[in-house]
Amino acid sequence: MATDAAIGKSLSEWGIESKVFTITMGNKFDDICEIIKDHIQGKNDICEILNGRPFCVYCCADMLSRMVQDGFEEISDAIFDIRLIVPGGRYLPIWYLILDRLQEGLPLESLGEFYSSDDYDGFDIPSPNEWKKVQGVCKLVQIIYNVAQILFDTKHYSTAPLYLHSLQELRSNLGEECRNSDVFVSNLAWKMLSKLEECRKNMFMVLSIATVMDSRCKMKFIEFSVKV
């Protein structure tokens, strides 16, 4: 059974077709989301009030991970080589651990460690141009990591205002990097920002409504966040 058919069957069997208000998903499931929206059309009073448009909320962890992968794909060969020459224990394909390994390698490269020691004979060392790209990718991924820490750190409560402000701040920071004099960095920043904007435009309204309803924020917080 296709995924959309299975979801539709479950909604019907569970008797919740009239209660669906928000759809949370990874951004690779846009087509499935549209099918589900069509399925519940006319069966959901809330959707009728909203002209058949339930709120679509993307999984931010998935969205940030996909943005990071855009960067890592640009330096995939360098990542493979760096993980062999930079000590760091067992290699795990988790993006923030990969970032940490790359950031450990950058200062070693700047000191000429990989070119002056016989320990690296037989290893493929990234070229200076590749190291420059690694540095650019690390800069952008670090921006994303800073936001991920705020959103998913257990010390913080994951509230709508927190998500709204953090995503707006990420948007602003990537926007600045789009004007970077390094063409590689600016192009990659544009690619990441486009992915963020695609998701953000669908989430902005629901995050804004929830934020306005927070007595600590009201409209002033929305106005402040939009200016970020």
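The values are calculated or read from the model by the stated rules, or taken from the named source; none is laboratory data. The structure displayed is predicted, hence computed values, not measured ones. FYI the Cβ positions are ideal-geometry reconstructions off the backbone, even for glycines, and counts take in every protein chain you see.
Scanning the stretch 104-131 for residues that are touching a residue at least 24 places away in the same chain (Cβ under 8 Å) and under 32 Å from the mean Cα position of the chain (by Cα) returns Gly105, Leu106, Asp124, Ile125, Pro126, Glu130, Trp131.
Taking the criterion of being among the β-branched types (Val, Ile, Thr), in the same structural domain as Gln135 (by TED's automatic domain parsing) and in contact (Cβ under 8 Å) with a residue 60 or more places away in the chain, would at least one residue in the stretch 191-211 satisfy it? Yes, some residue in the stretch 191-211 is among the β-branched types (Val, Ile, Thr), in the same structural domain as Gln135 (by TED's automatic domain parsing) and in contact (Cβ under 8 Å) with a residue 60 or more places away in the chain. Kindly evaluate Leu84 against the criterion of being surrounded by fewer than 16 Cβ atoms within 10 Å (Cβ to Cβ), part of a helix (DSSP H, G or I) and in contact with a Phe, Trp or Tyr (Cβ under 7 Å, 6 or more places away or on another chain). When the stated conditions are applied, Leu84 passes them.
Applying the set (1) of a type in the set (Gly, Ala, Ser); (2) at pLDDT 90 or above; (3) not in a helix (DSSP H, G or I) to Ala189 leaves exactly one unmet item: (3). Looking only at the stretch 77-135, residues that are among the basic types (Lys, Arg) and closer than 21 Å to Gln149 by Cβ come to 1 in all.
Could you tell me which of the residues Leu111, Leu151 is of a type outside the set (Asp, Glu) and more than 21 Å from Met63 (Cα to Cα)?
None of the others qualify; the one that does is Leu111.
Taken together, Pro87, Pro93, Pro126, Pro107 contain a single residue that is of a type outside the set (Ser, Thr, Tyr) and closer than 26 Å to Ser166 by Cα, which is Pro93. Filtered by the rule that a residue be surrounded by 18 or more Cβ atoms within 10 Å (Cβ to Cβ) and charged (D, E, K, R), the stretch 176-190 gives a lone residue, Glu177. In the set Ser181, Ser127, Ser215, only one residue is out of contact with any Leu (no Cβ under 8 Å at 6 or more places or on another chain), at pLDDT 90 or above and more than 28 Å from Arg83 (Cα to Cα); that residue is Ser181. Within the span defined as the stretch 90-111, one or more residues are closer than 20 Å to Glu176 by Cβ and in the same structural domain as Leu174 (by TED's automatic domain parsing).
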